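Shown next, in structure tokens, is the structure this report addresses.
The values are calculated or read from the model by the stated rules, or taken from the named source; none is laboratory data. Just so it is clear, the structure is predicted and the values come from calculations on it, not from any experiment. So basically every Cβ, Gly included, is an ideal-geometry build from the backbone, and we count neighbours across all protein chains shown.
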Amino acid sequence: MQPIVRNLRILLRAEFLLAGVRARIAGQKIGLFAFAILIGVFALGMLNLAGYFALEPSQGRVHAALIVAGVDLLIAGAAAGLAGRLRPGPEVEMVQEVRQMALSEIEAEVESFQEELRSLRNEIKEAKETLTSFAKNPLDALGPSFLVPLLSTLTSLLRAGKK
């Protein structure tokens with residue numbers, strides 16, 4: 001039973017490590033998405049301010065606001081793209097391999113235990129059949145190995161009694 005407990009511990013540790021890595025990646029993604037949203041909010045704010053202050057004299061109100069908003073949206077898109085491409089590192093593959101090994105060993109132990117249970121069940125079934133047979137016909141259950149010496153002893157006693 002010790003290998004099963006050891007493998008369950010390994011499996012549990014592997015699951016905790018995987019959960020930690022996934023939580024770290026999720027935190028980084030959330031941070032980058034929040035940054036992208038913040039930049040997006042700045043883009044909307046700049047739409048209003050850029051048209052009035054920065055480029056109004058040279059480009060006109062509409063073109064100036066579109067240029068500033070376009071740059072802000074490109075920055076927000078780049079941040080969102082980075083967040084979407086984040087993937088777990090090579091340590092996740094190693095932890096998944098350890099987890100799979102632990103699961104395989106647990107499955108092997110369980111199969112071995114089930115085979116032992118089947119064997120024990122068959123032995124109990126045979127013992128039950130033997131006892132049932134003995135209870136119904138005790139002389140048949142004893143068989144020739146017991147009856148031959150018993151009969152020869154009885155015959156000897158009868159011969160000795162006649163003499």
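The table for this structure:
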quantity	calculated
Qualifying residue in the range 131-139 (condition: at pLDDT 75 or above and either part of a helix (DSSP H, G or I) or surrounded by 10 or more Cβ atoms within 10 Å (Cβ to Cβ) (or both))	yes
Glu105 vs. criteria free of Cβ contacts under 8 Å to residues at least 12 places away in the same chain, among the acidic types (Asp, Glu) and part of a helix (DSSP H, G or I)	no
Some residue of the range 22-34 being at pLDDT below 85, surrounded by 15 or more Cβ atoms within 10 Å (Cβ to Cβ) and either charged (D, E, K, R) or assigned to a helix (DSSP H, G or I) (or both)	no
Every pair of residues 6+ apart whose Cβ atoms lie under 7 Å, when the first sits in the range 1-24 and is in contact (Cβ under 8 Å) with a residue 40 or more places away in the chain and small (Gly, Ala, Ser) while the second is surrounded by 12 or more Cβ atoms within 10 Å (Cβ to Cβ) and assigned to a helix (DSSP H, G or I)	Ala14/Val95; Ala14/Val98; Ala14/Arg99; Ala14/Ala102
